[in-house]
Amino acid sequence: MATTKEYKDFILERLSLLDNIRCRPMMGEYLLYYNDTLFGGIYDERLLVKITESNKGYKMRQEIPYTNAKPMHFIDEIDNKEKIRDIIIDTCKDLASRKLEKK
């Protein structure tokens, strides 16, 4: 089931505490970027973020975004904008440090 435009707009409103959020459509779903870092997406009406060391502390459940994909963390507390902001910031910090390690 593809994500609806209405649900995408709802999620983007939930991310309104963050500046520099970008959403890119991809095969009926949406990829999400914060400060040009791909951190997750909206898949089948679910907000999912990549798994990193720092976001493991939030005790989110793992879900598969699509067939043969790596597991991601499912943000189910969708009404808590502050927590969503914190999860995304922590996730992107870890992803940025991974990029630096690879260079």
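A few notes on this one:
- Remark on the chain: Rg and Dmax equal 12.8, 39 Å (Cα only).
- Using a probe of 1.4 Å on the protein chains alone, the accessible area found for Arg46 is around 40 Å².
- Here the accessible area of the chain is 51 percent carbon and sulfur, with a 1.4 angstrom probe and all protein chains present.
- Adding -39500 (n - 2.57) for every DSSP H run of four residues or longer, then dividing by how many residues the chain holds, sets the calculated 222 nm ellipticity at -10500 deg cm²/dmol.
- Summed side-chain charge close to Arg22 - residues other than Arg22 whose Cβ falls under 14 Å, Lys, Arg +1, Asp, Glu -1: 0
- Within the stretch 1-97, the GluC sites (Glu not before Pro) that combine a DSSP coil assignment with at most 16 other C-beta atoms in a 10 angstrom radius are Glu45, Glu53, Glu77.
The values are calculated or read from the model by the stated rules, or taken from the named source; none is laboratory data. These figures come from a predicted structure and were not determined experimentally. A quick note on method: Cβ atoms are made from the backbone with ideal geometry, for glycine too, and the neighbour counts reach across all protein chains shown. For accessibility, only protein heavy atoms count, side chains too; no ligands or nucleic acids. Shrake-Rupley method; radii C 1.70, N 1.55, O 1.52, S 1.80 Å.
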